[in-house]
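Heads up, the thing below is written out as structure tokens.
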Amino acid sequence: MRNEPVDLDAVVAERRLRRAGWGGLLEPAAVARAKTAAELVEEWNAAYPVGQPVCYWTGFRDGPLAGEPKFSRTRARAQVLGGHTAVVWMDGEGSCIALSHVDPITEDKLEGLA
């Protein structure tokens, strides 16, 4: 089996787009205007309470280096980390997760995975 080379420039470009707000978090078709981290945090906190069931990734979310998703609940409100990254804390994780790597799910979906 031969591994295909990874286009790291493309992976980095995609990460930058996700950090800027593209990626389907709250508005799947909204790519026209990049959102700030503070805007993403405000939208997340308005839409989802602490304890929200989520699917999240601790490594690459998409592409050839993508890892398996994890499932949990948020344990705090989203916040801006270091003045530049929108993050939220999860039950069972020792570090926060960027909102670009988090998708809300339904309670039924979370219970079905337990």
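The values are calculated or read from the model by the stated rules, or taken from the named source; none is laboratory data. The shown structure was predicted, so the numbers you read here are calculated from the model rather than taken from an experiment. Note that we place each Cβ from the backbone using ideal geometry, even for glycine, and neighbour counts take in every protein chain shown. Calculation scope for accessible area: heavy atoms of the full protein, side chains included, ligands and nucleic acids excluded. Shrake-Rupley method; radii C 1.70, N 1.55, O 1.52, S 1.80 Å.
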Checklist entry - Is it the case that some residue within region 79-89 is aromatic (F, W, Y), open to solvent by 40 Å² or more (accessible area, probe 1.4 Å) and part of a loop (DSSP other than H, G, I, E, B)? => result yes
Item to check | Output for region 17-42, where each listed residue is modelled with pLDDT of 90 or more, within 30 Å of E111 (Cα to Cα) and open to solvent by less than 60 Å² (accessible area, probe 1.4 Å) | outcome: L40, V41
Item to check | Looking only at region 58-70, and only at residues there that are over 25 Å from E39 (Cα atoms) and free of Cβ contacts under 8 Å to residues at least 12 places away in the same chain, the one that is most open to solvent (accessible area, probe 1.4 Å) | outcome: E68
Next on the checklist: assigned to a loop (DSSP other than H, G, I, E, B), open to solvent by 40 Å² or more (accessible area, probe 1.4 Å) and touching a strand residue (DSSP E or B) at 6+ places or on another chain (Cβ under 8 Å): is that true of R73 in this structure?
Outcome noted: no
Next on the checklist: Which residue is nearest to M90 (Cα to Cα), if the candidates are limited to region 43-60 and must be modelled with pLDDT of 90 or more and hydroxyl-bearing (S, T, Y)?
Outcome noted: Y56
Item to check | Hits in region 60-78 (condition: within 15 Å of H101 (Cβ to Cβ) and out of contact with any Leu (no Cβ under 7 Å at 6 or more places or on another chain)) | outcome: F60, R61, D62, G63, L65, A66, G67, E68, P69, K70, S72, T74
